Amino acid sequence: MENLRYPNLETYRRTLFSPEDDHLKGIMPAAVEKGVPKISVSAESGKILEIGALAGYSGTWLARSLPADGTFLTLEYEPRHAEIARANYAKAGIQAQAEVRVGKALDLLPGVAGDAPFDLCFIDADKGNYPHYLDYALKYVRKGGLIVADNADAHGNGHKVLDDGNDARGIQVYNERVSADPRLVSVIVPYGGWLAVSLVV
C-alpha cells in the first residue's frame, strides 16, 4: 500500500500554497446562486490588483495580504457583480481597503492615474481589450511592479490562427506584446487558464 500524506499532487500543492478559509470557499458557490458566471480565478492567482472584480474572490486574497495602510482598487463593468463583490469584502472585514468602481474599464482607467503607481495590476476582464489594458498598466505600474493577465492560454486557443473579430485574439496580441516589450520580463505560469506574469523593469 502507498504511503500518502495527500490524495494527489494537486491537493498537496493547493494545501501548501493556496489554503482557503471558509469565507473564500463560499464566495463563488454563493455568487453562482445569484447568477454570477462561474469563471473566477483559481486560488493560486488570487493575491492581486484587478481589472474585473466578478464576485470579489481575488480581491479578498489581495486585501487580506495588504499592510494596514494598503489599498486595493478594482474596476467592474457589471453593477450586480460589483454589489456582490462589495458584500464579500464586507463579510471578510476588508471593505475599508477594497474599493470597487463600476463602469467600462476603458472609461475608468484614465481616472485611476491619481491612485498610481501600483505595485501590481491583474487583468481579468473582456479579452478583446487586453492590449488596451496593457497600455494603461504600463503607465500605472511602478518599476519593479508586476502586471499579471489571466487566461493567457486564450481559453485553449492561443496556438491557433484567430481573426481579429475573435476575443481570444486580444489575448494573443497581449502575449505577443509582453513577450517582446523591452520594458518587461515576462513568463507564462501554467495554472488554470494560464497567467502571463510580467515584471516591469
Can you tell me how many residues within the range 174-188 are in contact with a Phe, Trp or Tyr (Cβ under 8 Å, 6 or more places away or on another chain) and either surrounded by fewer than 18 Cβ atoms within 10 Å (Cβ to Cβ) or free of Cβ contacts under 8 Å to residues at least 24 places away in the same chain (or both)? 1
For the range 142-159, does any single residue satisfy the condition of being farther than 26 Å from Gly70 by Cβ, in a helix (DSSP H, G or I) and of a type outside the set (A, V, I, L, M)? no
Quick count over the range 108-124, residues being under 19 Å from Ala149 (Cα atoms), of a type in the set (D, E, K, R) and not in a loop (DSSP other than H, G, I, E, B), is 1
The condition of being surrounded by fewer than 19 Cβ atoms within 10 Å (Cβ to Cβ) and farther than 15 Å from Gly52 by Cβ holds, among Lys104, Lys91, only for Lys91
Extreme residue, surrounded by the fewest Cβ atoms within 10 Å (Cβ to Cβ), among residues of the range 189-201 that are hydrophobic (A, V, I, L, M, F, W, C) and over 14 Å from Asp135 (Cα atoms): Val201
Residue pairs within 7 Å by beta carbon, gap of at least six or interchain, first lying in the range 64-84 and in a loop (DSSP other than H, G, I, E, B), second polar (S, T, N, Q), listed first then second, are Leu66/Gln97; Gly70/Gln97; Thr71/Gln97
Could you look through the range 41-80, keep only residues that are surrounded by 21 or more Cβ atoms within 10 Å (Cβ to Cβ) and of a type in the set (S, T, N, Q), and pick out the one that is modelled with the lowest pLDDT? Ser45
Could you please let me know if Val187 is under 19 Å from Glu50 (Cα atoms) and β-branched (Val, Ile, Thr)? yes
Inspect all residues belonging to the range 9-25 and state whether any of them is closer than 25 Å to Leu146 by Cβ, at pLDDT 85 or above, of a type outside the set (Asp, Glu) and touching a Phe, Trp or Tyr at 6+ places or on another chain (Cβ under 9 Å). no
Of everything in the range 116-172 that's among the aliphatic types (A, V, I, L, M) and touching a His at 6+ places or on another chain (Cβ under 9 Å), which residue is surrounded by the most Cβ atoms within 10 Å (Cβ to Cβ)? Ile171
Can you work out which of the residues in the range 142-162 that are of a type in the set (A, V, I, L, M, F, W, C) and within 24 Å of Ala55 (Cα to Cα) is farthest from the chain's Cα centre (by Cα)? Ala154
Which residues, counting only those in the range 115-138, are closer than 10 Å to Gly52 by Cβ and of a type outside the set (A, V, I, L, M)? Phe122, Asp124, Asp126, Tyr133
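The values are calculated or read from the model by the stated rules, or taken from the named source; none is laboratory data. No experiment lies behind these values; they were computed from the predicted model shown. Note that we place each Cβ from the backbone using ideal geometry, even for glycine, and neighbour counts take in every protein chain shown.
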